[in-house]
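Have a look at the structure below before the remarks.
The values are calculated or read from the model by the stated rules, or taken from the named source; none is laboratory data. Nothing here was measured: the structure is a model prediction, and the numbers come from that model. In this analysis, Cβ positions are derived from the backbone assuming ideal geometry, glycine residues included, and neighbour counts consider all displayed protein chains.
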Amino acid sequence: MIHSSSSNERVKPKKRKKHFEILDHTADIGLIVYGEDLKTLFENAGEGFFRLITDLKKVRQREERKIELKGESLERLMVDWLNELLYLHDVENLLFKKFEVEVADRKGLRAKVRGEVFDARAHVIKTGVKAVTHHQIQVKREDGGWRARVIVDL
């Protein structure tokens, strides 16, 4: 089953209506992420990832974290990016809503993310994510933009 972030099924080259799709995958779940450029692709991946975890409408932008990662490949960078977000979620109990990627290329990524500490009175954890995997990872150019596929271990 594919859940779409937009009801518009027809996607025009270079101007995508969808930011991401959620794929059900056995005991795991996957994201297919779209972006006009690499920065947008990584921003949309962060949004899709946290939309799996919680209702982003209830998350406020009270805390900011800066993230810098070195890259070996775009696929590795995507997995590292989402695992870093998961680490901050697990260790600091943070939920992120805003993803501002300043640099994203094969050499690495630099970003600012904003959100707030989990509060049981305001937030619900919809999905507990254990890890982002390298299984079936894909980052590629497609239709004048970028597309990524990421599988998440639940």
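Considering the conditions (1) assigned to a strand (DSSP E or B); (2) of a type in the set (A, V, I, L, M, F, W, C); (3) free of Cβ contacts under 8 Å to residues at least 60 places away in the same chain, LEU109 is excluded by exactly one of them, (3).
Within segment 53-68, being farther than 14 Å from ARG114 by Cα and either touching a His at 6+ places or on another chain (Cβ under 7 Å) or buried (at least 19 other Cβ atoms within 10 Å of the Cβ) (or both) holds for ILE53, THR54. Considering each residue of segment 14-52, count those that are in contact with a Ser or Thr (Cβ under 9 Å, 6 or more places away or on another chain), among the acidic types (Asp, Glu) and modelled with pLDDT of 95 or more, and give that number. Number of matching residues: 1. Just one of the listed residues (VAL103, VAL117, VAL79, VAL124) is under 16 Å from ARG51 (Cβ atoms) and either touching a helix residue (DSSP H, G or I) at 6+ places or on another chain (Cβ under 8 Å) or in contact (Cβ under 8 Å) with a residue 60 or more places away in the chain (or both), and it is VAL124.
Kindly indicate whether VAL129 is assigned to a loop (DSSP other than H, G, I, E, B), touching a residue at least 24 places away in the same chain (Cβ under 8 Å), within 13 Å of the chain's Cα centre (by Cα) and within 18 Å of PHE42 (Cβ to Cβ). Yes: the conditions hold for VAL129.
Within segment 70-97, the set of residues being surrounded by fewer than 16 Cβ atoms within 10 Å (Cβ to Cβ) and either part of a strand (DSSP E or B) or touching a Pro at 6+ places or on another chain (Cβ under 6 Å) (or both) comprises just one member, LYS70.
Can you give me the number of residues within segment 41-70 that are of a type outside the set (Phe, Trp, Tyr) and under 10 Å from the mean Cα position of the chain (by Cα)?
Pass one, segment 41-70, residues of a type outside the set (Phe, Trp, Tyr): 41, 43-48, 51-70.
Restricting the remaining residues to those that are under 10 Å from the mean Cα position of the chain (by Cα) gives 41, 43-48, 51-52.
Matching residues across segment 41-70 total 9.
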